[in-house]
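Q: Can you read through this structure? Questions will come right after.
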Amino acid sequence: MGARERGGRSDTEAQPLCLRFTKTVTARETATPKDSLLRPSDLAEWLAAAGLGGRPSGLDEELLREARELRESIYRAARAIAEAREMDGADRDRINDWAGRNDAYRVLDGAGVTWRFPGSSPARSALAIVAGDAVDTLGGLRAGTIKVCAGTGCVAVFLDATRGRFRRWCSMSTCGNRAKKDAMRVRRAQ
Ligand SMILES: [Zn+2]
């Protein structure tokens, strides 16, 4: 049992798995942050969309709580790196603990690659994959610089892998587009 990994096309989807996970909270520094992981089924859907959808067994309220804790640890750790601060030891420990629980592996399925989840809780294994990706990404194994989005109130973390490291927004289709429109409005007003 496993799920096909999907090749992302948009600039957001091209982001590392662990940073896409942190983006399940948006508008973090506004009066109305939005968390799209409110129910266990939300997490099941996210994992499936990320190509990590095994059997949804064992995905309950408790695992959702742990998943959100892991997500926030990844967010804080990534933000610390982006702001050249030392990451919190508890966040680092949580990411490492999760990464160490990974018992999933990938196989060739003839058309691409599929995750296999041999353990008793595929959802737990899927989160361990996300944590392992955080180890790689935050540990500097991917080319690019971790940055905080310059969009108003967004503060999403993203990996800038452009040649000149000039990227300022988590996504051109949301924050980048909004900033462009704002700049245009200012020019027109002048
Ligand atoms: Zn943004």
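Q: How many of the residues in the stretch 138-152 are more than 17 Å from the chain's Cα centre (by Cα) and not hydroxyl-bearing (S, T, Y)?
A: Selection size over the stretch 138-152: 2.
Q: Here's a follow-up. Go through the stretch 156-186 and give me each residue that's among the small types (G, A, S) and modelled with pLDDT of 90 or more.
A: A156, A161, G164, S171, G176
Q: For the stretch 104-123, enumerate the residues that are under 20 Å from the mean Cα position of the chain (by Cα) and farther than 18 Å from A49 by Cβ.
A: If the condition is that a residue be under 20 Å from the mean Cα position of the chain (by Cα) and farther than 18 Å from A49 by Cβ, then Y105 is the only one that fits.
Q: Further, regarding this structure: Using the structure shown, decide if D109 is over 23 Å from A84 (Cα atoms), of a type outside the set (S, T, Y) and touching a residue at least 60 places away in the same chain (Cβ under 8 Å).
A: So D109 fits the description; yes.
Q: Only one residue in V135, V155 is within 14 Å of the chain's Cα centre (by Cα), away from the ligand (no atom under 16 Å from the Cβ) and either within 30 Å of T30 (Cβ to Cβ) or touching a residue at least 24 places away in the same chain (Cβ under 8 Å) (or both). Which one?
A: V135
Q: Specify the residue that is farthest from the ligand (Cβ to nearest atom); the eligible residues are those in the stretch 158-190 that are within 19 Å of K23 (Cα to Cα) and basic (K, R).
A: So, considering only residues that are within 19 Å of K23 (Cα to Cα) and basic (K, R), the one farthest from the ligand (Cβ to nearest atom) is R167.
Q: Exactly one condition in (1) at pLDDT 95 or above; (2) more than 16 Å from the ligand (Cβ to nearest atom); (3) among the basic types (K, R) is false for K147; which is it?
A: If we test K147 against (1) at pLDDT 95 or above; (2) more than 16 Å from the ligand (Cβ to nearest atom); (3) among the basic types (K, R), just (2) comes out false.
Q: Would it be correct to say that A82 is closer than 17 Å to K23 by Cβ, crowded, with 16+ Cβ neighbours inside 10 Å and either more than 16 Å from the ligand (Cβ to nearest atom) or within 18 Å of the chain's Cα centre (by Cα) (or both)?
A: So A82 passes the test.
The values are calculated or read from the model by the stated rules, or taken from the named source; none is laboratory data. All of these numbers come straight from a predicted model, not from anything done at the bench. Please note: Cβ atoms are built from the backbone with ideal geometry, for glycine as well, and neighbour counts cover all protein chains shown.
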